[in-house]
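All of the numbers you see were taken from the coordinates with simple rules; none came from a lab. None of these values were measured; they are calculated from a predicted model. Here the Cβ is made from the backbone with ideal geometry for all residues, glycine too, and neighbour counts use every protein chain on show.
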Amino acid sequence: MRPILLTMGLDSEYETMVRDNEPRHRAYCERWDIEYKAYFATDVQPSASMRIAPVLQALESGHSHVFWIDADAAIIKFDTDLRDSVTDKNWLGMRRCDVGWSGRNWHWQTGVFYIKNCEESIRFIRRVHDMTQCGGNDQTSMLELIWDDPTYKHIVNELDCSWNYMPHLDKVDRNPPIVVAFHGVAHRRAKMHDWTSQYPYDGIQYDGIPSNPTFLDYLRKIT
């Protein structure tokens, strides 16, 4: 089966952001022959496994890849195939974030992640799901499994920040990111709208951030 892009908005704020970006994400998926699925409160109840359960279902259903994008993230570059985020050996694509987590001074950022379907990736996500049923949340469970179980130390394909670019943490780059994200940031809907409005999805190819003084001032202000 073709890849699938998953996202979720379970409260009014997150649902609004998902719906803001739905036309954009559907257009991206149509371009690259990817299925699109958004989950809302009518589909899923908030729980520790609310993200992992749909990912597991998609893998077990046979989708070749599963791409997870949180509601406060948006695809910017339409000329990049999200399949390029993973390899046969390193089938989980994530970026490193130099913010402390569980006693470490960094962590894998799980608000945006990319998975290639294989027997090992299904086993991994099943184990994460089982851990969430025993009291862990999905992010902590994923990280602990990668960090603590030797079986999974090799699985991550470390991506550069353009695959999950966070303007509030990353340096300003004149090259457009593949995905921009405002994980947990105040006023994120407005900030994300500023970004997506600068990069309409009408087939125009961009080789850098538009030379818009107001937009560049905004970037400097939030980074």
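Data overview
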item	result
Cα-based helix-to-principal-axis angle, 52-61 vs the chain, degrees rounded to 10	80 degrees
In degrees, nearest ten, helix 213-222 long axis to first principal axis of the chain (Cα)	40 degrees
Under Karplus coefficients 6.51, -1.76 and 1.60, residue-wise ³J(HN,Hα) of the range 67-78 in Hz, glycine/proline x	10, 9, 10, 4, 4, 8, 9, 8, 6, 9, 8, 8
Karplus (6.51, -1.76, 1.60) ³J(HN,Hα), θ = phi - 60°, over the range 122-129, in Hz, Gly and Pro reported as x	5, 4, 4, 5, 4, 5, 4, 4
Selected from 61, 121, 85 as most flexible by GNM, with the chain as the system and alpha-carbon contacts under 10 Å	61
Residues in the range 30-67 reached by a label modelled at residue 119 [backbone nitrogen below 19 Å; 7 Å Cα→Cβ]	59-65
Gap separating the Cα centres of the range 112-191 and the range 37-92, nearest whole Å	10 Å
Candidate lysines - alpha carbon under 25 Å from residue 77, same-chain residues fewer than 8 apart omitted	37, 116, 171, 191, 221
MRE, 222 nm, helices only [DSSP H, n ≥ 4, -39500 (n - 2.57), over the chain, to nearest 500]	-11000 deg cm²/dmol
Crossing angle, helix 12-32 versus the chain [Cα axis fit, 0-90 degrees, rounded to tens]	90 degrees
Highest-MSF residue in the chain out of 137, 117, 105 [GNM, Cα springs under 10 Å]	105
Residue with peak Gaussian network fluctuation, the chain [Cα springs, cutoff 10 Å], from 42, 196, 110	42
